[in-house]
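Shown next, in structure tokens, is the structure this report addresses.
The values are calculated or read from the model by the stated rules, or taken from the named source; none is laboratory data. Since this is a predicted model, take the numbers as computed values, not measurements. Glycine also receives a Cβ, built like all others from the backbone with ideal geometry; neighbour counts cover every protein chain displayed.
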Amino acid sequence: METKIKILYFASIKEIIGIKEEILSLDKTEKISIRDLRQAVVSKYPDTQELILSCMFAIDGEYIFDHAEVLDYNFNEVEVAIIPPISGG
């Protein structure tokens with residue numbers, strides 16, 4: 001079975017991938033972590049491998065800081081935002 005997750009891409013990761021959102025399929029239905037989501041994105045978009053390591057992840061607006069933690073969400077019902085670091089001056 002698989003989980004379908006709505007992913008929102010921002011800033012430079014959106015530029016690399018070329019889309020702002022998609023439904024991403026993950027070959028897991030339980031014990032999902034940010035690490036799993038990151039791996040799924042890199043598998044589909046190898047050019048994101050370096051950048052995604054410095055990205056923040058938010059689920060329905062709540063930032064997730066522990067990328068190894070198993071998350072207790074119904075991923076079929078949430079939005080996951082992937083936000084790269086922003087530089088400016």
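Brief remarks follow.
- When segment 48-89 is filtered for residues that are at pLDDT below 90, surrounded by fewer than 10 Cβ atoms within 10 Å (Cβ to Cβ) and more than 16 Å from Ser33 (Cβ to Cβ), the ones remaining, listed by number, are Ile86, Ser87, Gly88, Gly89.
- Restricting segment 63-89 to residues that are outside any loop (DSSP other than H, G, I, E, B) and more than 15 Å from Ile5 (Cβ to Cβ), the residue that is nearest to the chain's Cα centre (by Cα): Ile83
- Members of segment 1-20 that are free of Cβ contacts under 8 Å to residues at least 24 places away in the same chain and out of contact with any helix residue (DSSP H, G or I) (no Cβ under 6 Å at 6 or more places or on another chain): Lys14, Glu15, Gly18, Ile19
- In segment 18-39, the residues that are within 21 Å of Pro85 (Cβ to Cβ) and not in a loop (DSSP other than H, G, I, E, B): Glu21, Ile34, Arg35, Leu37, Arg38, Gln39
- Within segment 1-28, if we keep just the residues that are of a type in the set (Ser, Thr, Tyr) and touching an Asp or Glu at 6+ places or on another chain (Cβ under 7 Å), the residue that is nearest to Glu77 (Cα to Cα) turns out to be Ser25.
- Residue in segment 50-57 that is closer than 15 Å to His67 by Cβ, aromatic (Phe, Trp, Tyr) and either in contact with a Gly (Cβ under 7 Å, 6 or more places away or on another chain) or not in a helix (DSSP H, G or I) (or both) present: yes
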